[in-house]
Amino acid sequence: MLTVPLLDLKPQYAPIKEEIQAAINRVCDAQYFIMGPEVSELEQALAAYCQTQFALGVSSGTDALILALMAINIKPGDEVITSPYSFFATAGSVARLGATAGFADINPKTYNLDPAQIEAKISPKTKAIIPVHLYGQCADMDPIMEIAQRHGLYVIEDAAQAIGSEYKGRRAGSIGHIGCFSFFPSKNLGAFGDGGAVSTNDSALAEQMRILRVHGAEPKYYHKFVGANFRLDALQAAVVRVKLKYLDSWTAGRQHNAARYNQLFIEAGLADMSNDPAAELVLPSESRESGQYALRTEAAVEPFPGHRHIYNQYIIRAQDRRDALRAFLTERKIGSEIYYPVSLHEQECFADWGYQTGSFPLSEAAAAQTLAIPIYPELLEEQLQTVVNAVAEFYRA
Ligand SMILES: Cc1ncc(COP(=O)(O)O)c(C=O)c1O
């Protein structure tokens, strides 16, 4: 049986092994481990790639968010509007600064913050909006920026899953005031451990983050602010510098795989190219009579003009049979993952914020129904077919 892991980094590493090892050896020979030339070279390359004036390497995507929120002076009592359907760090970073997340529900097609839901959540305490570019697809940034401008709010893009993604021809991380990236190994641009970056076009914010990244010291040992250690290691920077050169070819591989999935799901009678939300799924589940659909794939999603999806994940929506489908795939040695099973407003640690189950029904539905299937660039055509055949078999059973 052909197995299909959710992610296998070994075929990415094999062809660039020597180049990566040479970069690691360069750092070993220099014995310069914290910041230094490897980090500044990477920062220049990242700024160019993200189409921003500044980029700073930091210790993780989570720390990128915390640093960005510190730079715009988020403090206890403030509110930050964000999506309840994201990785924990998006809201966790807000909580770490003593502020509160004012959640707004998602667009169920893109899984990103729905701009139409934002305005009603703005209060005198609101200081910023964090749109998350989930799964590698940008949130609808024009209306978000327009709302932010009208209310004098900062916009921090959580682009942890979206390096190189574009919205109307503009790169993720270049549209809001600050962009936050993660180099967690499973990201499209992964380090050999934790790492991340912030991007901005604002020189004052860049300077503020540069200082806060080293305990708020400027110059060294003279502390203007209380910052923290948000530094990126030279070893991680050296690895990411090598990988950045290959990122566009890996993205092309992911886009190819997504297009093949779309096509194969349509051929299998599991999806429809129509953008009509009522016609997007053709193979019904058990609940066919009740008008429910069985599966929704990327094929049904209308992209923004000039949009570039980098497919950190490829998501199918399996309605009421998600967990059974996942068990069926696991049995056939096909990897999958649930990103994310619990909406952020339902997390136990945020109970004090007072949200109830049912407050964000579209986010809760996504948490209950979606499944990520393998999309990494090196997947073979037979593996893609194996995944689609297994999904089709499940629905035909
Ligand atoms: C949307 C989102 N935000 C933030 C993060 C945090 O990044 P890290 O794991 O590098 O701290 C991640 C990744 O895990 C993420 O997916």
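Of P37, P15, P5, P11, which residue is open to solvent by 40 Å² or more (accessible area, probe 1.4 Å) and touching an Asp or Glu at 6+ places or on another chain (Cβ under 6 Å)?
It is P11.
Please work out if K125 is farther than 15 Å from S174 by Cα, open to solvent by 10 Å² or more (accessible area, probe 1.4 Å) and in contact with a Phe, Trp or Tyr (Cβ under 8 Å, 6 or more places away or on another chain).
no
Quick one: in segment 14-58, which of the residues that are part of a strand (DSSP E or B) and β-branched (V, I, T) is nearest to the chain's Cα centre (by Cα)?
First, pick out the residues of segment 14-58 that are part of a strand (DSSP E or B): 34, 54-58.
Filter again for β-branched (V, I, T), leaving 34, 58.
Details: I34: 26, V58: 17 Å.
Across segment 14-58, the extreme among qualifying residues is V58.
Hey, does segment 53-76 have a residue that's of a type in the set (D, E, K, R), under 30 Å from D352 (Cβ atoms) and surrounded by fewer than 24 Cβ atoms within 10 Å (Cβ to Cβ)?
Yes; the residues of segment 53-76 include at least one that is of a type in the set (D, E, K, R), under 30 Å from D352 (Cβ atoms) and surrounded by fewer than 24 Cβ atoms within 10 Å (Cβ to Cβ).
So, in segment 106-143, how many residues would count as being within 16 Å of the ligand (Cβ to nearest atom) and not in a loop (DSSP other than H, G, I, E, B)?
Going through segment 106-143 one residue at a time, the tally reaches 10.
Restrict the check to segment 220-229 and report whether at least one residue is closer than 20 Å to Q53 by Cα and small (G, A, S).
no
Any idea which residue in segment 228-275 is most open to solvent (accessible area, probe 1.4 Å), counting only those that are part of a loop (DSSP other than H, G, I, E, B) and of a type in the set (A, V, I, L, M, F, W, C)?
M273
Within segment 35-49, which residues are at pLDDT 95 or above and either among the hydrophobic types (A, V, I, L, M, F, W, C) or within 27 Å of I310 (Cα to Cα) (or both)?
E38, V39, S40, E41, L42, E43, Q44, A45, L46, A47, A48, Y49
Out of curiosity, is G193 crowded, with 24+ Cβ neighbours inside 10 Å and of a type outside the set (A, V, I, L, M, F, W, C)? Please lay out each step first, then the result.
Working: crowded, with 24+ Cβ neighbours inside 10 Å: no; of a type outside the set (A, V, I, L, M, F, W, C): yes.
Judged against the criteria, G193 is not a match.
Within segment 167-193, how many residues turn out to be under 15 Å from the mean Cα position of the chain (by Cα) and near the ligand (Cβ under 10 Å from one of its atoms)?
9
Check segment 150-166 and report whether any residue there is within 18 Å of A71 (Cβ to Cβ), out of contact with any His (no Cβ under 9 Å at 6 or more places or on another chain) and more than 11 Å from the ligand (Cβ to nearest atom).
Yes, segment 150-166 contains a residue that is within 18 Å of A71 (Cβ to Cβ), out of contact with any His (no Cβ under 9 Å at 6 or more places or on another chain) and more than 11 Å from the ligand (Cβ to nearest atom).
The values are calculated or read from the model by the stated rules, or taken from the named source; none is laboratory data. What you are looking at is a predicted structure, and each value in this text was computed from that prediction instead of being measured. When we count neighbours, we look across all protein chains shown, and the Cβ atoms used for this are built from the backbone with ideal geometry, even at glycine. In case anyone asks, the SASA skips ligands and DNA or RNA and just uses the protein heavy atoms, side chains included. Shrake-Rupley method; radii C 1.70, N 1.55, O 1.52, S 1.80 Å.
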